[in-house]
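Heads up: the structure comes next, in structure tokens.
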Amino acid sequence: MSFREINSKMVEARLAPGQRLFSQRGAMLAYTGEVSFTPNLQSGQGGVMSMLGRRVAGEAAPLMTVEGSGTVLFGHGGHHVHVITLTGDTLYVEADRLLAFEGSLRQGTMFLGSQGGVMGLVRGQATGQGLFTTTLQGHGAVAVMAHGGVFELPITPQRPVHVDPQAYVAHHGEVRNKLSTALGWRDMVGRGSGEAFQLELSGHGTVYVQASEEKL
Amino acid sequence: MSGYASAGGPVVFDPVTLPADDNVNPYTFCVELKGSQWFLQKGKMIAYYGSIDFNGIGHGRLDRLVRTSFHSPLHASDWVVAEGSGKMLLADRAFDVNSYDLDQGNLTVRAGNLIAFQPSLALKQSIVPGFLTLIGTGKFVAASNGPVVFMEPPIRVDPQALVGWADCPSPCHHYDHAYLTGVMGGLRAMTGIGGASGEEHQFEFTGAGTVLLQSSETLMAEPSTGAVPSEPGVPGGGAAGPMGSGTGASGVPRLPGQLGDLQRRFGL
């Protein structure tokens, strides 16, 4: 089972008995067959401790468990939807951008300070990620939401990618990111270019960028 | 969609190259008038070529038109008639716009989504509040948030994602009974712990037909479909039958999914 993009704003998931999906609450548009939607107290996988972790981290987006057999259509708020298929690596994404993901993926929370210390925290503030971000690991598909269309940029060791922090959606792979600043005296007197902060991603992987600087 | 596109630049249209009764882009629809008439909702025309008159309906010489193809006289003031010759562009707040052809058919659409229709169609208020039914042969234009997706019943649809339906005689509410009742359901309702999945209530469609979905849960502003006659037996008509409509004996509106008060269950 995986997600099929019906149009730019809607995905279809086929559910077989025994499989399960997690999706953002209220994001179901329609379904056929016998499917049940259960609100997920822990807002994701894991036990009580991972729930507490997510609550503390502010990554507790309201999720629901989708089980049964049939076809479910997902979409939310008129946002564009992009399906990312993971083959064993880890996707880093904000919890409120998750539209739906397969139950075969392992969900976790990551402290941005563990990636670059204080600069990681500054980076989190600048990108709007906060201090924590959600990780999804394993084999399966994820549908993420973005404002405007999404395009992917490959990251190779020779070619690091610079992304506007507001247009950053998600990334996966072995990627180091750091916030590069180009602050000058012009920014101090309010005559900056508006591009003083950039996210620099280097390593092996892919970064997903939305065609808008509007947050969800 | 011809037009002389300069390399990579925007397409420039003139009265000849504008499409006739077709989409200019996903967000704009062009109607060609040749002495004919179209009904449109107020404020949806964005530009026109030629000489086109826009008249409010419901009075004067358009009275006959209202009588033949407009059966919701109580909200006729929300609509205007465009007549003349020329080309007219319709759009609605950058929502996706689509035209639909009916051939001796019927289609019920959310009142806020309908933009314009040909007078060969008859517009009637649906028994379902907030919806309008088009019957007959002709073309109409409707807006939706995101492209419209057509699905076959049986299907259950989130109320906000429903744009309309054709030929399905059985739109009805579906409640997730297992979720709303029982010990856990009661606990959730009392404490709020556990929250709602937001999906305990859908519209269900069965039988032969087509259901139209929009790709997001953002609704159009809902215009009034007009009051319905205040008669017993008319849903939303105000004059309640002996059992009341939606309100219990105490006059408190019932929550969705609530099964009914104890008096009714025990037949008191």
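The values are calculated or read from the model by the stated rules, or taken from the named source; none is laboratory data. Here the structure is a predicted model, which means the values were calculated and not measured. Don't worry about glycine lacking a Cβ; one is built from the backbone with ideal geometry, like all the others, and counts go over all protein chains shown.
Values as computed for the structure displayed
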| quantity | calculated |
| --- | --- |
| Scan of the stretch B:103-135 for residues that are of a type in the set (S, T, N, Q) and under 11 Å from the mean Cα position of the chain (by Cα), ordered by number | B:THR108, B:ASN113, B:GLN125, B:SER126, B:THR133 |
| Subset of the stretch A:7-23 (residues that are assigned to a loop (DSSP other than H, G, I, E, B), within 9 Å of chain B (Cβ to nearest Cβ) and not basic (Lys, Arg)) | A:SER8 |
| Residue match in the stretch B:114-127 (condition: of a type in the set (Lys, Arg), within 14 Å of another protein chain (Cβ to nearest Cβ) and either surrounded by fewer than 24 Cβ atoms within 10 Å (Cβ to Cβ) or touching an Asp or Glu at 6+ places or on another chain (Cβ under 6 Å) (or both)) | no |
| Set B:ARG156, B:ARG110: member being surrounded by 22 or more Cβ atoms within 10 Å (Cβ to Cβ) and touching a His at 6+ places or on another chain (Cβ under 9 Å) | B:ARG156 |
| Residue list for the stretch B:143-175, restricted to those being in a strand (DSSP E or B), in contact (Cβ under 8 Å) with a residue 60 or more places away in the chain and under 16 Å from the mean Cα position of the chain (by Cα) | B:ALA143, B:SER144, B:VAL149, B:PHE150, B:ALA166 |
| Residue within the stretch A:130-145 that is in a strand (DSSP E or B), closer than 14 Å to A:HIS80 by Cβ and modelled with pLDDT under 90 present | no |
